[in-house]
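Colleague: My questions all concern the structure below.
The values are calculated or read from the model by the stated rules, or taken from the named source; none is laboratory data. Note that the coordinates shown come from a computational prediction; the quantities given were computed from them, not determined experimentally. Reconstructed Cβ throughout: ideal geometry from the backbone, glycine too, with neighbour counts over all protein chains shown. These area figures cover heavy atoms from the full protein model, side chains too; ligands, DNA and RNA do not enter into them. Shrake-Rupley method; radii C 1.70, N 1.55, O 1.52, S 1.80 Å.
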Protein chains: 2
Amino acid sequence: MGITQPETVQEPKYWQLKSVLSDALDTEFAVGEILPNERDLAARFGVARATLRQALDQLELEGRLQRRRGVGTTVAPPRIGVPVASGPQTWPGEQELWEPVACALAPAPAAVARLLGIGRAEPVHTVRRTHARQGQPVAAQLLYVLPAFVPACDGAAPAGAVLAALGRLAPATGDRTVELGSARAEDARELDRLPGAPVLLVTTRYTAGARTVAVAVDTYRADTCRLTLGDAELLAS
Amino acid sequence: MGITQPETVQEPKYWQLKSVLSDALDTEFAVGEILPNERDLAARFGVARATLRQALDQLELEGRLQRRRGVGTTVAPPRIGVPVASGPQTWPGEQELWEPVACALAPAPAAVARLLGIGRAEPVHTVRRTHARQGQPVAAQLLYVLPAFVPACDGAAPAGAVLAALGRLAPATGDRTVELGSARAEDARELDRLPGAPVLLVTTRYTAGARTVAVAVDTYRADTCRLTLGDAELLAS
DNA sequence: CAGTGGTCTAGACCACTGG
DNA sequence: CAGTGGTCTAGACCACTGC
């Protein structure tokens, strides 16, 4: 007989489970529908809850599911396309989607201070904003602006003044990076997620001449967002 | 006495652990150094291994750690900046970093077929390439090109012909999206990771006139890569 | 209040790496 | 081969949501 019937042997249970569930989501469930609870699902598939959860974790990471404590697990809608063009809010009409939340004059995190080329204790203007789309919070932003660039304010400046200063810089293309991160406690609260949730970190550097004068860190929900870079966000699912 | 001394109470253990470890990484370890094994670490902190692993998972997600089965856990170097400009390999000199791996004429995945506006069974030219930087694999790419755009080949075309056809389109800016995904088995192998590892999915659409004629799906290791969008990748850590 | 997902435990076995 | 990280189990308790 076949000495070798090797394939299909070792594939982790949670990986097979994920495939099965993924197919089921495509065929048997509608967006928004709620799934059976984790204990029932685990029993149905004959695995421990932890194993079932590993599969659900992956599906949530891929934006297929949405879980909420005390409520249940629902089938997620397609990811929302969020334009991330050259200047962050240089788009006409986009400006208004960002809602200022707080404003302060305080030292920036070490990583930001390094980008700005200042000491760790030097205070900078800090503005926190949030971005909603289709009714749900999608991104949290932290803006750090060198005090020298916000005119005539000792102490904390109003958010408007800081934003105006930034607006004058916007056309100057800042470099930009995208990377994976996990939500800090504060951002998680704004995004209606638990701390540690996966997020896409978009870092923008604003320059005046050769100097970096401001840094923006945008924190996007990785489960519900798809960043669109070109002109078109017509990559609908 | 204070009835309320509420703060600091409920923060998950793995979250505190992560902070402690994160600090330790900054101060007590050098890049490439290997940490104590998970069982020892768990014992040292007085938690179960599963809990310790939750913390390590997060740190790995953030690119601070690198774990390899059978070997150990090491401190990861800073993320590699990978330029992601308008056309994917329109950069002079960048072209050579992509190494062709395989080439075929086969049906594309459903999601890609939809973008190309063709049926699920229609075959397209498919090229698989990999991208290495600083000696390690960083991205896997799948190119899908409509047969009508690869001249004079029935059956499978050589990779060169497909790439040449794409080269003629490259300057035409395609739209582009970035989102979080998990590595499929095949990509995971190319990237030297386990299936399911977090990846950044960059999808590029190539158009000729109004028609989408090709689609590229780039799969970047999310733990080791930072995508740079602007001109400069000088955001060194 | 009952029901949900989130955290945690203490074990076990497996797959892989290196000497 | 010994040692590592990866998977899996069967249970427990907690935090949160909604009725």
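Colleague: Filter segment B:61-78 down to residues that are under 18 Å from the mean Cα position of the chain (by Cα), open to solvent by less than 30 Å² (accessible area, probe 1.4 Å) and on the phi < 0 side of the Ramachandran plot, then give me how many there are.
Modeller: The qualifying residues number 2.
Colleague: If a residue has to be within 11 Å of DNA strand C (Cβ to nearest atom) and more than 17 Å from residue A:197 (Cβ to Cβ) to count, how many in segment A:52-65 make the cut?
Modeller: The qualifying residues number 1.
Colleague: Right, another one. If you scan segment B:60-76, which residues turn out to be within 14 Å of chain A (Cβ to nearest Cβ) and near DNA strand D (Cβ under 9 Å from one of its atoms)?
Modeller: B:60, B:69
Colleague: Being open to solvent by less than 60 Å² (accessible area, probe 1.4 Å) and within 12 Å of DNA strand C (Cβ to nearest atom) is the filter here; which residues of segment A:12-29 pass it?
Modeller: If the condition is that a residue be open to solvent by less than 60 Å² (accessible area, probe 1.4 Å) and within 12 Å of DNA strand C (Cβ to nearest atom), then no residue fits.
A quick yes/no check of all residues on (1) within 7 Å of chain A (Cβ to nearest Cβ); (2) open to solvent by 30 Å² or more (accessible area, probe 1.4 Å):
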{"residue": "B:180", "(1), (2)": "yes, no"}
{"residue": "B:183", "(1), (2)": "no, no"}
{"residue": "B:189", "(1), (2)": "no, yes"}
{"residue": "B:194", "(1), (2)": "no, yes"}
{"residue": "B:207", "(1), (2)": "no, yes"}
{"residue": "B:211", "(1), (2)": "no, yes"}
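Colleague: Which residues, counting only those in segment A:103-125, are open to solvent by less than 50 Å² (accessible area, probe 1.4 Å), free of Cβ contacts under 8 Å to residues at least 24 places away in the same chain and not in a helix (DSSP H, G or I)?
Modeller: A:106, A:119, A:124
Listed here are the residues, each with its yes/no results for (1) within 18 Å of residue B:176 (Cα to Cα); (2) over 15 Å from the mean Cα position of the chain (by Cα).
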residue	(1), (2)
B:107	no, yes
B:116	yes, yes
B:119	no, yes
B:122	no, yes
B:127	no, yes
B:130	no, no
B:134	no, yes
B:137	no, no
B:149	no, yes
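Colleague: Residues of segment B:198-222 being modelled with pLDDT of 95 or more and part of a loop (DSSP other than H, G, I, E, B), which ones?
Modeller: Correct list: B:222 only.
Colleague: Every residue in segment A:30-59 that is more than 10 Å from DNA strand D (Cβ to nearest atom) and open to solvent by 30 Å² or more (accessible area, probe 1.4 Å), please.
Modeller: A:30, A:31, A:32, A:33, A:34, A:36, A:37, A:40, A:44, A:57
Colleague: Checking residue A:186 against (1) acidic (Asp, Glu); (2) modelled with pLDDT under 90; (3) assigned to a helix (DSSP H, G or I), which test does it fail?
Modeller: Single failed check for residue A:186: (2).
Colleague: Next question. Residue A:31 is checked against (1) assigned to a loop (DSSP other than H, G, I, E, B); (2) farther than 19 Å from residue A:223 by Cβ and fails just one. What number does that condition carry?
Modeller: Against the list (1) assigned to a loop (DSSP other than H, G, I, E, B); (2) farther than 19 Å from residue A:223 by Cβ, residue A:31 comes up short only on (2).
Colleague: Could you look through segment A:181-225, keep only residues that are of a type in the set (Lys, Arg) and farther than 20 Å from residue B:177 by Cβ, and pick out the one that is farthest from the chain's Cα centre (by Cα)?
Modeller: Among those residues, the one meeting the criterion is A:211.
Colleague: Hey, another quick one. Write out, first by first residue and then by second, each pair whose Cβ atoms fall under 8 Å of each other, whose residues are 6+ apart or on separate chains, and whose first residue, in segment B:34-49, is under 20 Å from residue B:69 (Cα atoms) and within 14 Å of chain A (Cβ to nearest Cβ) while the second is within 12 Å of DNA strand C (Cβ to nearest atom) and open to solvent by less than 60 Å² (accessible area, probe 1.4 Å).
Modeller: From segment B:34-49, the pairs are B:48/B:42; B:49/B:38; B:49/B:42.
Colleague: Kindly provide the set of residues from segment B:58-76 that are more than 15 Å from residue A:200 (Cα to Cα) and part of a loop (DSSP other than H, G, I, E, B), ordered by number.
Modeller: B:64, B:69, B:70, B:71, B:76, listed by residue number.
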